[in-house]
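The block underneath contains the structure these notes are about, expressed in structure tokens.
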Amino acid sequence: MKKQRIYIDTSVIGGCFDNEFEMWSNGLLKDFKNNLFIPVVSDIVEAEVADAPNIIVQKYHEFLDCDAEIIETTDEVILLADVYSSRKILKEKFYRDMLHIALATVNKIDILVSWNFKHIVRFDKIRLFNSVNIEQGYSQLEIYSPREITFYGKE
């Protein structure tokens with residue numbers, strides 16, 4: 001069976017240090033270390049982590065050390081994010097969140113995981129993103145929180 005490629009946004013890395021989310025973010029990291037999934041990050045995640053505290057940068061490198069795939073923002077990604085923006089799925093100030101969705105969509109990622117329940121992991125937003133994806137000739141993107149993906153606690 002083909003291993004699923006899972007795009008992690010910056011909230012998943014920060015979640016490793018948050019009392020509410022650390023169990024599942026670290027569980028997902030363990031899943032990556034156990035080679036159950038392929039971690040995928042982007043140049044956007046890298047840029048967001050660059051200004052973060054050292055412990056976040058170190059944790060990011062733990063994800064990278066799991067043979068993470070790094071994807072780049074391309075013109076195609078920007079065009080798709082611009083369509084999301086023109087449809088007002090999110091306010092313009094949350095453009096980076098739309099870039100995360102577009103990066104995962106254009107690169108045919110299996111699942112995007114995030115702790116961003118306001119802009120990304122929300123039923124109404126997922127439906128809107130996916131309606132644009134289908135309209136623009138892309139596949140639907142599965143979006144979940146790490147809690148729904150990790151095998152942590154299911155052994």
message = How large is the convex hull of the C-alpha atoms of the stretch 10-64 per residue, in Å³?
response = 66
remark   = When the chain is treated as a Gaussian network with springs between alpha carbons less than 10 Å apart, the largest mean-square fluctuation among ASP65, ASP51, ASP31 is found at ASP51
remark   = Quick P(r) readout (the stretch 1-121; Cα-Cα; 10 Å bins; whole %) gives 14, 46, 33, 8, 0
query = How big is the charge dipole of the stretch 5-149 about its Cα centre, in debye rounded to the nearest 20, if each Lys and Arg gets +1 on its Cβ and each Asp and Glu gets -1 on its Cβ?
reply = 560
query = So what is the 222 nm mean residue ellipticity for the chain from helices alone, if each DSSP H run of at least 4 adds -39500 (n - 2.57) and you divide by all residues, rounding to the nearest 500 deg cm²/dmol?
reply = -14500 deg cm²/dmol
inquiry  = Positive end of the dipole of the chain, charges at C-beta (+1 Lys, Arg; -1 Asp, Glu), about the Cα centre: which of PHE94, VAL77, ILE143 has its Cα farthest in that direction?
reply    = ILE143
ask   = Roughly what percent of Cα-Cα pairs across the stretch 78-126 reach past 18 Å?
value = 21
Violating pairs (Cα-Cα greater than 31 angstrom) within the set LYS59/LYS118; LYS59/LYS93; LYS33/LYS118; LYS3/LYS125; LYS3/LYS91; LYS30/LYS108 = LYS3/LYS91
request  = Take the chain, connect every pair of alpha-carbon atoms lying under 10 Å apart with a spring to form a Gaussian network, then pick out the residue of ASP75, ASP43, ASP18 with the largest mean-square fluctuation.
outcome  = ASP75
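All of the numbers you see were taken from the coordinates with simple rules; none came from a lab. Predicted model, so just to flag it, every value in this text is computed and none were measured. So basically every Cβ, Gly included, is an ideal-geometry build from the backbone, and we count neighbours across all protein chains shown.
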